[in-house]
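Chemist: Next up is a structure, given as structure tokens.
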Amino acid sequence: MSERSELPVYLFTGFLGSGKTTFIQDALGSEGFNDGEITLLLLCEEGETEYEPENFYTDDVYIERIEEEADLDRKFLSELCNRCRATRVIIEWNGMWRLESLYSNMPANWLIYQQMMLVEASTFLLYNTNIRQQTFEQMAGAELVAFNRCVRDDDFEKWQLEVHKICRVANRRSQILYEFGEDDVLMDDIQDPLPYDMSKKLLQIGDEDFAEWYRDINDNQMDYEGKEVIIKGRAVVGEDIPAGKFIFGRHVMACCEEDIQFAGLLCKGNEDRINKLKNGSWIEIRARINNEYDDIYREEGPILTCSKITAVDPCDPEVATF
């Protein structure tokens, strides 16, 4: 197979005991998931459940074990594919490893077609509390988060609301599924209204809502086209930012202190006023939002044209959270 041929990757994440092996076994045993592909199955952890190759739909499944996170090497992974002439890759991930180790070492022709996180319902909140970073990272990239072994009891709705919120902080677009038993599943249909009124032309964004606003304006850019916004944040000026423009934003913590990053958007307006801004200063802006191309973005994105800039005291707390 040519190194340049696109190789689909199906990535199944989750912690030990979450049901990844059973799910993959069932998929590889069904006709619907097999159409003549040659599958490289990479096992990054070893649980109590073992694979039963004799029950795979086809014999063209080649199992390789990755013993250590450090073994995730681009050349080594390419060699494994070439050895069996794989036309797709399935990965059973080790939930204790950082996904960045995989993303940064995948061969150039590997493309993640689907990423799914399986979760043991009874242990999720414990994992989320104790190893938040690994839990968040897996949810952030998942198209589907499937909670298995759920229990229909008096506490389910309260538990569901809690885990729904955790999932939505990591990823607003993923589907969430709750499995109670064979052929007994519930798709999450909880609505997530924004904390401000999108029916209005002028949006007043509270200090506590900055993170939610920033995420949504990037996910749904055209919903904000032509609207005005009043919002507080910090100004970033100088360096490679042209005169008459600045970056407006705040530091945002999505998961934990280690992942705090500055989240900002490009602003323009009165050049004299902007050129007097001090780097890092706290300001409140009133601005019109338009989606335009700019060299700073290197693509089309939300640009805020400021009609008013006012110096203000810092937000409390200064770091925005969801």
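Derivation of every value follows stated rules applied to the coordinates shown; laboratory data play no part. Please read all numbers here as calculations on a predicted model, not as lab measurements. Cβ: placed from backbone, ideal geometry, glycine included. Neighbour counts: every protein chain shown.
Chemist: Report ³J(HN,Hα) in whole Hz for each residue of region 238-243, in order, from the Karplus equation J = 6.51 cos²θ - 1.76 cosθ + 1.60 where θ = phi - 60°; Gly and Pro get x.
Modeler: Calculated HN-Hα couplings, in order: x, 6, 8, 7, x, 4 Hz.
Chemist: Another question, if that's okay. Apply the Karplus curve 6.51 cos²θ - 1.76 cosθ + 1.60, θ = phi - 60°, to the phi angles in region 165-180 and return the couplings in whole Hz, x for Gly and Pro.
Modeler: 4, 4, 5, 6, 4, 6, 7, 7, 9, 5, 7, 10, 10, 10, 10, 9
Chemist: Identify all lysines with a Cα-Cα distance to K20 below 17 Å; exclude those on the same chain that are fewer than 8 residues away in sequence.
Modeler: Partners found: none.
Chemist: Would you please name the GluC sites (Glu not before Pro) within region 60-151 that are DSSP coil residues with at most 15 other C-beta atoms within 10 Å of their C-beta?
Modeler: In loop regions of region 60-151 (DSSP not H, G, I, E or B), the sparsely surrounded GluC sites (Glu not before Pro) are E67, E68, E143.
Chemist: Please work out the FRET efficiency for the pair E68 and D294, using the Cβ-Cβ distance as r and a Förster radius of 41 Å; give the result to the nearest 0.05.
Modeler: 0.40
Chemist: Another one. Out of [x] 25.8; [y] 19.7; [z] 15.6, which label holds the value of mean projected area of the Cα convex hull in nm² that was computed here?
Modeler: [y]
Chemist: What residues have an amide H closer than 5 Å to that of L203, excluding those fewer than 5 places away on the same chain, when H is modeled at 1.01 Å from N in the peptide plane?
Modeler: Here the answer is E228, V229, I230, since their amide H atoms fall under 5 Å of that of L203.
Chemist: Using only Cα atoms, tell me the angle between helix 210-219 and the longest principal axis of the chain; keep it within 0 to 90° and round to the nearest 10.
Modeler: The answer is roughly 70 degrees.
Chemist: Tell me the angle of helix 74-84 to the major Cα principal axis of the chain, expressed in degrees between 0 and 90 and rounded to the nearest ten.
Modeler: Orientation of helix 74-84: about 40 degrees from the principal axis.
Chemist: I would also like to ask the following. In degrees from 0 to 90, rounded to the nearest 10, what is the angle of the helix 132-141 Cα long axis to the longest principal axis of the chain?
Modeler: Its long axis makes an angle of about 90 degrees.
Chemist: Applying a 10 Å radius around every beta-carbon, put 32-42, 51-61 in order of their mean neighbour count, most first.
Modeler: My ranking of the peptides, most packed first, is 32-42, 51-61.
Chemist: So, one more: Roughly how far apart, in whole Å, are the Cα centres of region 126-186 and region 39-116?
Modeler: 24 Å
Chemist: A further question on this structure: For region 194-243, which trypsin sites (Lys or Arg not before Pro) are in a loop by DSSP, counting at most 14 other Cβ atoms within 10 Å?
Modeler: Answer in residue order: K200, K201.
Chemist: Where both partners of a DSSP beta bridge lie in region 202-321, what percent of those bridges are antiparallel, to the nearest 5?
Modeler: Given both bridge residues lie in region 202-321, the antiparallel proportion sits at roughly 80 percent.
Chemist: In Å, what is the Rg of the alpha-carbon atoms in region 7-187, and how long is Dmax?
Modeler: 16.5, 53
Chemist: Do any of K165/K200; K165/K232; K232/K308 go past 19 Å between their Cα atoms, and which?
Modeler: Where the Cα-Cα span goes over 19 Å, the pairs concerned are K165/K200; K165/K232.
Chemist: Which GluC sites (Glu not before Pro) from region 169-215 combine a DSSP loop assignment with at most 12 other Cβ atoms within 10 Å?
Modeler: The qualifying sites are E182.
Chemist: What does DSSP give for the chain in terms of the percent of beta bridges that are antiparallel, rounded to the nearest 5?
Modeler: Of the beta bridges lying entirely in the chain, close to 45 percent run antiparallel.
Chemist: Mind computing the radius of gyration and Dmax over the alpha-carbon atoms of region 87-232? Å is fine for both.
Modeler: Taking only Cα atoms of region 87-232, I get Rg and Dmax of 18.0, 51 Å.
Chemist: Given the DSSP H assignment, sum -39500 (n - 2.57) over each helix run of at least 4 residues in the chain and divide by its residue total; what's the result at 222 nm in deg cm²/dmol, nearest 500?
Modeler: That calculation yields -6500 deg cm²/dmol at 222 nm.
Chemist: Under 9 Å from the Cβ of G264, count the other residues' Cβ atoms, weight Lys and Arg +1, Asp and Glu -1, and hand me the total.
Modeler: +2
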